[in-house]
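Each remark here refers to the structure printed beneath this line.
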Amino acid sequence: MTRPMIEFRDVYKSFGDNHVLRGIDLSVNKGESMVIIGGSGTGKSVLLKCVLGLLHPDKGEILVEGRPAEQGDRDAFLARFGMLFQGGALFDSMTVWQNVAFRLLRGKLKRPRDEARAIAIEKLRRVGLKERVADLYPAELSGGMQKRVGLARAIAAEPEIIFFDEPTTGLDPIMSGVINSLIREIVTEMGATAMTITHDMSSVRAIADQVAMLHDGKIRWTGPVEKMDDSGDPYLDQFINARAEGPIEAIR
Amino acid sequence: MNPITPILAPIGHSVLALLAAIGRVTIFTGKSVSHILRPPFYLREFLSQLLHIGYFSLPVVGLTAVFTGAALALQIFEGGSRFNAESVVPSIVAIGMVRELGPVLGGLMVAGRVASSVAAELGTMKVTEQIDALVTLSTNPMKYLTVPRVLAATLAMPVLVAVGDAIGIMGGWLVGITKLGLNSGAYLKNTVDFLESWDVTSGLLKAAVFGFILALMGCYHGMNSGRGAQGVGRATTNAVVSASVLILTANYILTTLFFSS
């Protein structure tokens, strides 16, 4: 049996009295696109941030290719990841191309400025943006364009694992469709392992190979996307059909 | 319950909170200093901050100094005239500016300008996940954000204060020759004759410490900002208040170290 690319083993995380993760067990295989769904405030982003070391689990273990995530060379570890943040998290003080080429302008992956710019422009093209966008500042772009730039930045250094935190939040349905298609295409062509967090069911269906539902601090259901509609799980059914009535309380 | 507990408990909570805050600031300071000494160094960021913190603070420091020097000359002339000591105006303006008012007022003005903007900038970066993004891009935020700002402020402040000292003395000289009827040449000669190199050096050393404090407070409060606009606003206020109080405290300590025999 092949070793999972990312493995959560009995992971707990609390913020004061708020017990967000209460024993997460989840595996993501290499080259697989895992989408994590769940209500707001259920700890989906916390899960991703624990992998990257932005937050530290109180208990349990997170393994990346069998090795504990918090051990070893931190730079080498992070160089394997790319992440698209919910709001884009583009650096306001830099132009678009400098944002995309951030990793290529400093540190171990540093390249000559011209080369880094050329790579940034190629990545911008890959996400459907023209060269003239390269010299604009993030504040001059629309929300959809900012997401695309964030996506270009996430893939600029050809990472093995890409995280997408609510990639379509705040976008119109057409732009959401464009971003979903881009994510699916890029993950497939790069052969990357992807973990996506979303509430948007159209994103789930467009992006996912596997789906996991997080509820009450635990993985409630996990399985292939095609089995999601026939899971028989009342929590998952309520969530994917957007019903107010059901076992998940509307007021949390 | 012991009747005295409700009275002592809030005091205990406040003391514990204060000690915890001192601990956090101390750890942050230690980390900043250790990152200043270890590579990688972000030269481009440092030069950019040198421009923002140093060069762009010149008008504020210059205007503060010129009016302080001018007011100081008027006050000393008025006070000195009570015992026929108007001639001490140049030397006291000079000593007062370079030892005390130049670094302290310069430090407070730059704290208002720089600590607030650094806290607001880093606080906004925190709430918009830009600092998390830096980490995922294999860049240590302490190295990339804190070190260039702290180093730039520490090195720029002595230069700013030196320029401010000169402008302040010129402010006193201008008032002296135009309003107080003092002789221009004698004023400048008195200034130079009475000023010792340690007067200037001690002021510049103070300025470097104040620069370190104000940038550190801006970075600390910015990087520990709460959520949303209110969190960033509070971080900005706390940065200016804590930087100002620490500058005044450090000024007393340094003055004691430098001048109490």
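Can you find a residue in the range A:110-133 that is on the phi < 0 side of the Ramachandran plot and within 10 Å of chain B (Cβ to nearest Cβ)? Walk me through it before giving the result.
Filtering the range A:110-133 for residues on the phi < 0 side of the Ramachandran plot gives A:110-127, A:129-133.
From the residues that got through so far, the ones that are within 10 Å of chain B (Cβ to nearest Cβ) too are A:110.
For the range A:110-133, residues on the phi < 0 side of the Ramachandran plot and within 10 Å of chain B (Cβ to nearest Cβ): present.
So, of the residues in the range A:216-246 that are free of Cβ contacts under 8 Å to residues at least 40 places away in the same chain and part of a loop (DSSP other than H, G, I, E, B), which turns out to be nearest to A:ILE179 (Cα to Cα)?
A:ASN241
For the list (1) part of a loop (DSSP other than H, G, I, E, B); (2) under 30 Å from B:ASN238 (Cβ atoms), I need the number of the one condition that B:ILE27 fails.
(1)
Go through (1) in contact (Cβ under 8 Å) with a residue 40 or more places away in the chain; (2) facing chain B (nearest Cβ under 7 Å); (3) surrounded by fewer than 24 Cβ atoms within 10 Å (Cβ to Cβ) for A:PHE102 and report which single condition fails.
(3)
Tell me which residues, restricted to the range A:25-63, are more than 14 Å from every other protein chain (Cβ to nearest Cβ), of a type in the set (Val, Ile, Thr) and out of contact with any Asp or Glu (no Cβ under 8 Å at 6 or more places or on another chain).
A:VAL35, A:ILE36, A:ILE37
Suppose we filter B:LEU50, B:LEU74, B:LEU58 for residues that are within 17 Å of B:TYR187 (Cα to Cα) and touching a residue at least 12 places away in the same chain (Cβ under 8 Å); which single one remains? Before the answer, list the steps.
Details: B:LEU50 fails: within 17 Å of B:TYR187 (Cα to Cα); B:LEU58 fails: within 17 Å of B:TYR187 (Cα to Cα).
From the options B:LEU50, B:LEU74, B:LEU58, the qualifying one is B:LEU74.
Any idea which residue in the range B:94-142 is farthest from the other protein chains (Cβ to nearest Cβ), counting only those that are in contact with a His (Cβ under 9 Å, 6 or more places away or on another chain) and crowded, with 21+ Cβ neighbours inside 10 Å?
Start the filter on the range B:94-142 by keeping residues that are in contact with a His (Cβ under 9 Å, 6 or more places away or on another chain), which leaves B:114-115, B:117-119, B:122-123, B:140, B:142.
Okay, now just the ones that are also crowded, with 21+ Cβ neighbours inside 10 Å, so B:114-115, B:118-119, B:122-123.
On the way: B:VAL114: 16, B:ALA115: 18, B:VAL118: 13, B:ALA119: 16, B:LEU122: 12, B:GLY123: 13 Å.
So the residue we want is B:ALA115.
Hey, does the range B:225-248 have a residue that's under 16 Å from B:PRO103 (Cα atoms), surrounded by fewer than 15 Cβ atoms within 10 Å (Cβ to Cβ) and not β-branched (Val, Ile, Thr)?
So in the range B:225-248, the residues under 16 Å from B:PRO103 (Cα atoms) come out as B:243-248.
From the residues that got through so far, the ones that are surrounded by fewer than 15 Cβ atoms within 10 Å (Cβ to Cβ) too are B:245, B:248.
Filter again for not β-branched (Val, Ile, Thr), leaving B:248.
Yes: one or more hits.
Matching residues to (1) of a type in the set (Val, Ile, Thr); (2) part of a strand (DSSP E or B); (3) at positive phi; (4) in contact with a His (Cβ under 7 Å, 6 or more places away or on another chain):
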| residue | (1), (2), (3), (4) |
| --- | --- |
| A:VAL20 | yes, yes, no, no |
| A:ASP25 | no, yes, no, no |
| A:GLN86 | no, no, no, no |
| A:LEU90 | no, no, no, no |
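State yes or no: is A:GLY82 within 14 Å of chain B (Cβ to nearest Cβ), in a loop (DSSP other than H, G, I, E, B) and touching a Ser or Thr at 6+ places or on another chain (Cβ under 9 Å)? Break it down into steps so the answer makes sense when it comes.
Numbers: within 14 Å of chain B (Cβ to nearest Cβ): yes; in a loop (DSSP other than H, G, I, E, B): no; touching a Ser or Thr at 6+ places or on another chain (Cβ under 9 Å): yes.
In short, no.
Which residue out of A:ARG148, A:ARG132, A:ARG184, A:ARG126 is touching a residue at least 60 places away in the same chain (Cβ under 8 Å) and over 13 Å from the mean Cα position of the chain (by Cα)?
Values: A:ARG148 fails: touching a residue at least 60 places away in the same chain (Cβ under 8 Å); A:ARG132 fails: touching a residue at least 60 places away in the same chain (Cβ under 8 Å); A:ARG184 fails: over 13 Å from the mean Cα position of the chain (by Cα).
So the residue among A:ARG148, A:ARG132, A:ARG184, A:ARG126 that is touching a residue at least 60 places away in the same chain (Cβ under 8 Å) and over 13 Å from the mean Cα position of the chain (by Cα) is A:ARG126.
Give me a count of the residues in the range A:111-133 that are under 19 Å from A:ILE179 (Cα atoms) and among the small types (Gly, Ala, Ser).
2
What do you reckon, is A:PHE8 of a type in the set (A, V, I, L, M, F, W, C), within 14 Å of chain B (Cβ to nearest Cβ), within 29 Å of A:GLY223 (Cβ to Cβ) and in contact with an Asp or Glu (Cβ under 9 Å, 6 or more places away or on another chain)? Reasoning before the result, please.
Details: of a type in the set (A, V, I, L, M, F, W, C): yes; within 14 Å of chain B (Cβ to nearest Cβ): no; within 29 Å of A:GLY223 (Cβ to Cβ): yes; in contact with an Asp or Glu (Cβ under 9 Å, 6 or more places away or on another chain): yes.
In short, no.
Quick grid of which residues meet (1) aliphatic (A, V, I, L, M); (2) assigned to a helix (DSSP H, G or I); (3) more than 17 Å from B:GLY211 (Cα to Cα):
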site: B:ALA9; (1), (2), (3): yes, yes, yes
site: B:LEU51; (1), (2), (3): yes, yes, no
site: B:LEU72; (1), (2), (3): yes, yes, yes
site: B:ILE76; (1), (2), (3): yes, yes, yes
site: B:GLY79; (1), (2), (3): no, yes, yes
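Looking at the range A:85-99 only, could you name the residues that are surrounded by 15 or more Cβ atoms within 10 Å (Cβ to Cβ) and at the interface with chain B (Cβ under 8 Å from one of its Cβ atoms)? Break it down into steps so the answer makes sense when it comes.
Our first condition is that a residue be surrounded by 15 or more Cβ atoms within 10 Å (Cβ to Cβ); within the range A:85-99, this holds for A:85-91, A:94-99.
Across the range A:85-99, the qualifying residues are A:PHE85, A:GLN86, A:GLY87, A:ALA89, A:LEU90, A:PHE91.
Residue by residue through the range A:45-79, note down the ones that are among the basic types (Lys, Arg), modelled with pLDDT of 90 or more and not in a strand (DSSP E or B). First the steps, then the outcome.
Let us first name the residues in the range A:45-79 that are among the basic types (Lys, Arg), namely A:49, A:59, A:67, A:74.
Filter once more, keeping what is modelled with pLDDT of 90 or more: A:49, A:59.
If the condition is that a residue be among the basic types (Lys, Arg), modelled with pLDDT of 90 or more and not in a strand (DSSP E or B), then A:LYS49 is the only one that fits.
Which pairs turn up if I take residues in the range A:9-28 that are free of Cβ contacts under 8 Å to residues at least 24 places away in the same chain and look for partners that are in a strand (DSSP E or B) and crowded, with 16+ Cβ neighbours inside 10 Å with beta carbon separation below 8 Å, at least 6 apart in sequence or on another chain?
These pairs meet every condition: A:SER27/A:ILE6; A:SER27/A:GLU7; A:SER27/A:PHE8.
Which ones in the range A:64-77 are touching a residue at least 60 places away in the same chain (Cβ under 8 Å) and within 13 Å of chain B (Cβ to nearest Cβ)? Break it down stepwise before answering.
Initially, the range A:64-77 is screened for residues touching a residue at least 60 places away in the same chain (Cβ under 8 Å), giving A:64-66.
Scanning the range A:64-77 gives no hits.
The values are calculated or read from the model by the stated rules, or taken from the named source; none is laboratory data. Because the structure is predicted, anything quoted here is derived from the model rather than measured. So basically every Cβ, Gly included, is an ideal-geometry build from the backbone, and we count neighbours across all protein chains shown.
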